[in-house]
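For reference, the structure is listed below as structure tokens.
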Amino acid sequence: MALNGIFSRRNSDRSGGAARSPSAADVDRLALLDQFEESELGWFWATDAEGKLSYLSASAAHRLGQEPEQMLGTPLTALFLPDELEDEDRAERPFAFQLRARSTISDMPVRVSVAGTERWWSICAKPQLDRENEFLGYRGSAKDITAVRESQRDASRLAQYDSLTGLANRHRMSKRLTATLIAYKAAKRSCALMMLDLDRFKQVNDTLGHPAGDELLKQVAQRLERIVGGKGEIGRLGGDEFQVMLPDIDDRGRLGEIANSVIQMISQPYSLDGSRAIIGTSVGIAIAPYDGIDTDELVSSADLALYAAKGGGRGQYRFFSSELKDGARLRRQIEEDLRDAIQSDQLELHYQPIVRTSDHKVTALEALVRWNHPERGWISPAEFIPVAEETNLINGLGEWVLRRACRDAVEWPHSLRVAVNVSAIQFSGTDVPKVVRAVLDRSGLEPERLELEITESVFLGDPQGTGIMLKALKKIGVRLALDDFGTGYSSLGYLSSAPLDKIKIDRSFVAGLTEDENNNAAIITAIVSLARALKMETVAEGVEAMDELDLITKLGASHIQGYIFSKALTHDALLERLLEGGLQFEPEGPAKHRADRRSTFRRVGVIHEDHRYEVVMRNLSRTGAGIEGLLDVPLGTPLVLDLGGGQLAVAEVVRSEGYSQGLEFEQALINDGADGLCTRHRISPYALASAGMPLAALPPGSYLPQSRDDGPKSLPAFLQVDLAQTNRAA
């Protein structure tokens, strides 16, 4: 159907049946329009008052696989595909809505299916009215804008996605996170955010080149997508920084599992154009609304958690806690004081025996550095060693430990070996063989009595250079041990080539070894068999109970180190023990392993029914805690332990003696990523807001009545409801 035909018919209709002859100008105009339609640069269409087609250009109908006559009477909206839900930035009303509103339509993009492929048309139209302003239908035009649309979409994608990895870029992640948090705030939903960066990525760039670094980033992105899948959105913020948004997840146990999977997957070797590279990652985790309500606050919390994870030794994850805000200031103070401690000899060495499994005789002692701060008292190595590694103090600290250990070992009454830890940073940043040779010459210790303990991470930066350095150390005559085996970036390649004398099985494989459904026994058996085949000794670390000792002995470990034989002793105490008891150490400890109890001394809250009391928590484990402050509590009494920061643990009294009670938790606590414990769930700030408190991230204890010493405190009813919901969710 051409425009000439429809024009003649409409002229006839308007004149009451008598057709008016078109002028020459009309004929030319219609001919031009027909040529325009046939060129397929654009099409014309018209509808009746019901929205059904009364005219459609033949070329448009043919594109849709129909004859023009077949299309007449078809609803106009039936030609087009539904609106795209994923078109986030589209602000126009839907096409069907505008037709029903009888609005003028200008350059409205719509989707059509042409020969099974998706095409985009731009629609223009104007409603037609008669002299009485009655709606007659639409007249309009259409043109194909597929190429323009795809170009715009490509440009939009470039603006929102990282061109290297295909992941969302910083701009899109910020936009998505902001939109999600705003929507979730209204719906009272949670959203977790993970921040991670890559360990040793710079070394890959420097040694293998930037193309290899780019390929590595692509493979990291693919591995992250494999782990996260449809659970969330992943973004690359730039360089080696990545971000993962996980909506509707606030279970810290599940988040810890995801973080562990990320760390393990990213730590597997990469093949880069014929070269092999191994990197690692650290992960910081924050959860809205607990750790932040808006984007800036949540990102800042996740950043602090990431910094803490890297400070804990890398290859770890951390949850945000309010204490992390004070942690940065504390680390700076530790750095300043540690410099003085090394210079002024504030540090000291303690020695823990390494005992032969077959006859329980000590064969070596591991030197462990301790710091008794003049003002703060004993500072854990877990606090100051990471600071030393980050601030280049580790080289001076490492040399001090080596000198002191060799000097002390010369005084021992037996030819026992001394084991000294060497940091991976120290190993790569100094000429270790030269330092070792100088220390041995100065102390007079025989080289074969010195055992250097290294971790798997020394093989990651420069495997070839590491191999050369290890061979140089063996030429001096010292022994080499691989520490914390199985917890890092294990590879059988370097085990077969490195001149190692001993493998130390990390305590994480020993802890829980005797528990039901624990696979650690099979792992230890495999490590022992591997070491035996390579003619290496094995040391099981962290053995504390008799049942662990019996099982480790059956599994074939050649040596044992742990509290079952002795804690770390001062040098004077060690000399006294060796003089009195000789080399024989008898095992002493509990008959069975129990969950680690961390000695602690802090005030916490205990909730019973509708009252809250202040008590002192003496120890804490995954399954229970010891408290003091309540008198003669009957066995079986249900209590709720308030650990602060929204953490409430439902418990039952299983031991009660005067002012001291032992609690057993209804649900075990989980690892907080910092060798500590936390609850899976917390009291939601949304519950607090519903009770009249302002919606904000949770500072410790903020959701409970202020503590007073004049008697019990009432527990708000909404907390009881929220706690019940938390338990059901768990």
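Listed values, structure above:
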{"quantity": "Any hit, the stretch 100-115, residues being closer than 30 Å to Pro247 by Cβ, modelled with pLDDT of 85 or more and in a loop (DSSP other than H, G, I, E, B)", "calculated": "no"}
{"quantity": "Pairs, first on the phi > 0 side of the Ramachandran plot and touching a residue at least 40 places away in the same chain (Cβ under 8 Å) in the stretch 291-314, second open to solvent by 40 Å² or more (accessible area, probe 1.4 Å) and in a loop (DSSP other than H, G, I, E, B), C-beta under 9 Å, six or more apart", "calculated": "Arg314/Arg200"}
{"quantity": "Unmet criterion (only one of (1) under 26 Å from Tyr563 (Cα atoms); (2) open to solvent by less than 50 Å² (accessible area, probe 1.4 Å); (3) within 33 Å of the chain's Cα centre (by Cα)) for Arg331", "calculated": "(1)"}
{"quantity": "Pick from the stretch 334-364, criterion more than 29 Å from Tyr307 (Cα to Cα) and polar (S, T, N, Q), ranking: most open to solvent (accessible area, probe 1.4 Å)", "calculated": "Ser358"}
{"quantity": "Residue that is open to solvent by 50 Å² or more (accessible area, probe 1.4 Å), modelled with pLDDT under 95 and within 20 Å of Ile454 (Cβ to Cβ), where the choices are Ala424, Ala382", "calculated": "Ala382"}
{"quantity": "Residues of the stretch 619-630 satisfying the condition of being crowded, with 17+ Cβ neighbours inside 10 Å and outside any loop (DSSP other than H, G, I, E, B)", "calculated": "Leu620, Gly624, Ala625, Gly626, Ile627"}
{"quantity": "In the stretch 535-565, residue nearest to Val362 (Cα to Cα) [restricted to those that are surrounded by 21 or more Cβ atoms within 10 Å (Cβ to Cβ) and polar (S, T, N, Q)]", "calculated": "Gln561"}
{"quantity": "Which numbered condition Ala309 fails, given (1) crowded, with 24+ Cβ neighbours inside 10 Å; (2) more than 11 Å from the chain's Cα centre (by Cα); (3) in a helix (DSSP H, G or I)", "calculated": "(2)"}
{"quantity": "Helices (runs of 4 or more DSSP H) enclosed by the stretch 383-468 - at least 1 residues per element that are aromatic (Phe, Trp, Tyr)", "calculated": "394-410, 424-429"}
{"quantity": "Total residues in the stretch 636-667, condition closer than 21 Å to Tyr290 by Cβ and in contact with a Pro (Cβ under 6 Å, 6 or more places away or on another chain)", "calculated": "2"}
{"quantity": "Enumeration of residues in the stretch 139-153 that are open to solvent by 40 Å² or more (accessible area, probe 1.4 Å), at pLDDT 85 or above and not in a strand (DSSP E or B)", "calculated": "none"}
{"quantity": "Test for Gly377: is it open to solvent by less than 40 Å² (accessible area, probe 1.4 Å) and without any contact (Cβ under 8 Å) to a residue 24 or more places away in the chain", "calculated": "yes"}
{"quantity": "Qualifying positions in the stretch 631-676 - among the aromatic types (Phe, Trp, Tyr) and in a strand (DSSP E or B)", "calculated": "Phe665"}
{"quantity": "The stretch 404-442 - residue that is small (Gly, Ala, Ser) and under 26 Å from Ile560 (Cβ atoms) and, of those, farthest from the chain's Cα centre (by Cα)", "calculated": "Ser415"}
{"quantity": "Test set (1) open to solvent by 80 Å² or more (accessible area, probe 1.4 Å); (2) within 30 Å of Arg254 (Cα to Cα); (3) touching a residue at least 12 places away in the same chain (Cβ under 8 Å) - Lys126 fails condition number", "calculated": "(2)"}
{"quantity": "Matching entry among Leu208, Leu177 (being buried (at least 17 other Cβ atoms within 10 Å of the Cβ), in contact with a Cys (Cβ under 9 Å, 6 or more places away or on another chain) and not β-branched (Val, Ile, Thr))", "calculated": "Leu177"}
{"quantity": "Filter result (among the acidic types (Asp, Glu) and not in a helix (DSSP H, G or I)) within the stretch 340-366", "calculated": "Asp345, Glu348, Asp359, Glu366"}
{"quantity": "Qualifying strands (runs of 3 or more DSSP E) (wholly inside the stretch 192-284; at least 2 residues being closer than 21 Å to Arg682 by Cα)", "calculated": "241-247"}
{"quantity": "Residue within the stretch 353-364 that is among the aliphatic types (A, V, I, L, M) and within 23 Å of Asn392 (Cα to Cα) present", "calculated": "no"}
{"quantity": "Residues of the stretch 159-171 satisfying the condition of being open to solvent by 20 Å² or more (accessible area, probe 1.4 Å) and touching a residue at least 24 places away in the same chain (Cβ under 8 Å)", "calculated": "Asp162, Leu164, Thr165, Gly166, Asn169, Arg170"}
{"quantity": "Near pairs, Cβ below 8 angstrom, 6+ apart or cross-chain, from the stretch 339-364 (on the phi > 0 side of the Ramachandran plot) to any residue that is in a loop (DSSP other than H, G, I, E, B) and open to solvent by 10 Å² or more (accessible area, probe 1.4 Å)", "calculated": "His360/Phe565; His360/Glu586; His360/Pro587"}
{"quantity": "The stretch 509-529 - residue that is surrounded by 12 or more Cβ atoms within 10 Å (Cβ to Cβ) and polar (S, T, N, Q) and, of those, modelled with the lowest pLDDT", "calculated": "Asn518"}
{"quantity": "Single unsatisfied condition, Leu445 versus (1) free of Cβ contacts under 8 Å to residues at least 60 places away in the same chain; (2) open to solvent by 60 Å² or more (accessible area, probe 1.4 Å)", "calculated": "(2)"}
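Yes/no matrix, rows are residues, columns are (1) over 17 Å from Phe201 (Cβ atoms); (2) open to solvent by 10 Å² or more (accessible area, probe 1.4 Å); (3) among the charged types (D, E, K, R):
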site	(1), (2), (3)
Arg252	yes, yes, yes
Glu257	yes, yes, yes
Ile266	no, no, no
Pro269	no, yes, no
Ala288	yes, no, no
Gly292	yes, no, no
Leu298	yes, no, no
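A quick yes/no check of all residues on (1) modelled with pLDDT of 85 or more; (2) over 18 Å from Ala125 (Cα atoms); (3) of a type in the set (D, E, K, R):
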residue: Ala24; (1), (2), (3): no, yes, no
residue: Leu30; (1), (2), (3): no, yes, no
residue: Gln35; (1), (2), (3): no, yes, no
residue: Lys52; (1), (2), (3): yes, no, yes
residue: Met71; (1), (2), (3): yes, yes, no
residue: Thr77; (1), (2), (3): no, no, no
residue: Phe80; (1), (2), (3): no, no, no
residue: Leu85; (1), (2), (3): no, yes, no
residue: Arg90; (1), (2), (3): no, yes, yes
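The values are calculated or read from the model by the stated rules, or taken from the named source; none is laboratory data. The model shown is predicted, which means the values in this text are computed figures rather than measured ones. A quick note on method: Cβ atoms are made from the backbone with ideal geometry, for glycine too, and the neighbour counts reach across all protein chains shown. Side chains included, ligands, DNA and RNA excluded: accessible areas come from the protein's heavy atoms. Shrake-Rupley method; radii C 1.70, N 1.55, O 1.52, S 1.80 Å.
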